[in-house]
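Worksheet for the structure shown next.
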Amino acid sequence: MARTLIKDVLTTPPTGQEITIGGWVRTVRNSKGGFSFLALNDGSTIAQLQVVADGKLPNYAAELVKLTAGCAVLATGTLVQSQGKGQTVELQATAVQVLGWADPEAYPIQPKKHTFEFLRTQAHLRARTNTFAAVTRIRNVVSMAIHDFFQQRGFIYVHTPIITASDCEGAGQMFRVTTLEANPPAGAPRPDPNDDFFGRPTYLTVSGQLEGETYACAMGNIYTFGPTFRAENSNTPRHLAEFWMVEPEMAFCDLEGDAETAEAFLKHIFRTALERCTKDLEFLSEHVDATVLPTLTAIVASDFERVTYTEAVALLEKSGRTWQYPVGWGTDLQTEHERYLTEEVFRKPVVVTHYPAAIKSFYMRLDDGTAPGRATVAAMDVLVPKIGELIGGSQREERLDVLLQRMAELKLRPEDYWWYLDLRRYGSVPHAGFGLGLERTLQFITGMANIRDVIPYPRAPRSAEF
RNA sequence: UCCCCGGUAGCUCAAUGGUGGAGCGUGCGGCUGUUAACCGCAAGGUUCUUGGUUCGAGUCCAAGCCGGGGAGCCA
């Protein structure tokens, strides 16, 4: 069943060559003049190829006039210039084989506009729509662009574990991994975690960072790219229970280098998407969010804004706005504050740095020379319009005594982090890294409003169908 | 988890407390090198569930389930 991808067919000059394509019928227009137009899509590109099926084909009356949306066909013919408008080339079929029928009374994907809510209930078929196919192709290109960026810079791709024993950093509720009986019979003793598969409580990872740091402190620059799990009961268009995260970690790097890498990284991703997914982005710009193309184009050409947390708070305080959540040094920035900064003040991505130590994680490096009561850490968040936080990162605390002090303040037990602390005992080095949410990045690129529409099978509270 | 909105034909949506409709899709017919074609006819309903108010409930009330938006948590 050798076939040519429609993507390639459409970029080939029509010289009457014979080709075979396989695809799914989008629309059929039967002409009583004795032939039919089949619009076929094979997923390789947003565009469809028009196949002209002549009435003289042996299975024309028996099969081809009965084709409807969703049917799978294999079409062979000659590629010619189209006589009609709307397409430059078309396939003059010499044979059309129907491989799979799709009952038109039952097939859910009608040739009409469907809501994303409805298509979420048909997640196994929604990739057959233009929008989800476009998002899927962009997700592919972005994933490869992520690897490109780091590989070109000599970063080593490291696979950190999915199953972890470290209840680390309080980065959120974790999914328990166990082989113990979920519901022991009444009266039975409670299962002991020591009897569990790993001999201790284990969870799905919420971050590969701590393990990533250990490899950065041996390999120099590394990155992880894999699934991440959060058991938070978050019901928003920006959260998933299972999502993909990219986490670079760089030895011999400070916060400044971290922020520079983050900016270059995002621009590389956006630029690659613009170059390699032009048609798909044009479609999304036309049908989903008109700001997508102009925004991406502008960002690639501009510099991200940099402000410290202290400067950001000052901007919010003098905004003249009334905030639902009060603004003041020491409180975390709320969604309304972040959106104001990135959507109204700067109108582009903003890197906010040096947050108060009290509201950030234990592993972030304590800034030197801060005023009493105003301790900050070398943290950074990259905020973008609409989506909010796309990247969160920091320079890590490399000084053993300072780190132990911070852990004591937060009542973290050093023995639980013995291997993490060893990095600070043996050849400790300034290092920094960040985490990028793949799905949020895709939301920003595609303009899709709900994160559940940029991953094939979204996992969220009470939602694990398929 | 909290707040707000919603759930009616396959899909998108109408319907003063008084006989549930339209567009699209589907089926049939007509027409056409057509473009999510066009014209006509037809089929298609446990109005999310349970209970309540009422002579009478899609409509009002309560609880639950599901979906969406906002918030928190974060990526």
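Couple of notes before you dig in:
- Residues A:203, A:157, A:223, sorted by accessible area with the largest first, give A:157, A:203, A:223 [1.4 Å probe; ligands and nucleic acids excluded].
- Shown is the FRET efficiency for residue A:85 and residue A:125, computed with R0 = 30 Å from the Cβ-Cβ distance and rounded to the nearest 0.05: 0.50.
- Unit charges on C-beta of K, R, D, E only; dipole of segment A:6-107, Debye: 280 debye
- Gain in span if fully extended, residue A:192 to residue A:95, counting 0.36 nm per residue against the direct Cα distance: 28.3 nm
- Ratio of the Cα radius of gyration of segment A:6-107 to 2.2 N^0.38 Å, where N counts its residues: 0.99
- Leading residue at positive end of dipole, chain A (Cβ point charges), from A:204, A:11, A:357: A:11
- Separation of segment A:290-330 from segment A:4-32 is 48 Å, based on Cα centroids.
- Summary of the geometry: segment A:194-253 and segment A:412-464, compared by the centres of their Cα atoms, lie 5 Å apart.
- Using R0 = 35 Å, the C-beta based FRET efficiency linking residue A:331 and residue A:112 works out to 0.15.
- Counting only heavy atoms of the protein chains and using a 1.4 Å probe, residue A:242 has close to 60 Å² of accessible surface.
- Segment A:215-354 shape via C-alpha gyration tensor axes, a/c threshold 1.5: rounded
- Computed over segment A:6-107: relative contact order in percent, which uses C-alpha pairs under 8 Å that are six or more apart: 29 percent
- When peptides A:292-300, A:173-181 are sorted by average Cβ neighbour count within 10 Å, with the highest value leading, the order is A:292-300, A:173-181.
- Eligible aspartates and glutamates near residue A:32 by straight Cα distance, threshold 13 Å, same-chain separation 8 or greater: A:54
- Counting only protein heavy atoms and using a 1.4 Å probe, the accessible area of residue A:407 comes to about 0 Å².
- Contour excess over end-to-end distance, with Cα ends at residue A:254 and residue A:180 and 0.36 nm allotted per residue: 22.3 nm
- Solvent-accessible area, 1.4 Å probe, carbon plus sulfur percent, for segment A:149-254: 52 percent
- Percent accessible area from carbon and sulfur atoms, segment A:6-107, protein chains only, probe 1.4 Å: 54 percent
- Mean accessible surface per residue for chain A, computed with a 1.4 Å probe while every protein chain stays in place, in Å²: 48 Å²
- Shape call, segment A:392-466: gyration tensor on alpha carbons, a/c limit 1.5: prolate
- Note on residue A:323: accessible area approximately 50 square angstrom, rounded to 10, probe 1.4 Å, nucleic acids and ligands left out.
- Chain A, relative contact order [Cα under 8 Å, separation at least 6], %: 13 percent
- For segment A:402-422, backbone nitrogen atoms closer than 18 Å to the point 7 Å from residue A:200 Cα along Cα-to-C-beta are found at A:412-422.
- Of the solvent-accessible surface of segment A:316-443, computed with a 1.4 Å probe over protein heavy atoms with every protein chain present, carbon and sulfur atoms account for 50 percent.
- Anisotropy class of chain A from Cα gyration tensor, a/c 1.5 cut: prolate
- Accessible surface ranking that places the most exposed of A:128, A:230 first, with a 1.4 angstrom probe: A:128, A:230
The values are calculated or read from the model by the stated rules, or taken from the named source; none is laboratory data. None of the values given here were measured: they were computed from a predicted structure. Ideal geometry is used to build each Cβ from the backbone, glycine not excepted, and the neighbour counts take in all protein chains shown. To get the accessible areas, we keep the full protein, side chains included, count just its heavy atoms, and leave off ligands, DNA and RNA. Shrake-Rupley method; radii C 1.70, N 1.55, O 1.52, S 1.80 Å.
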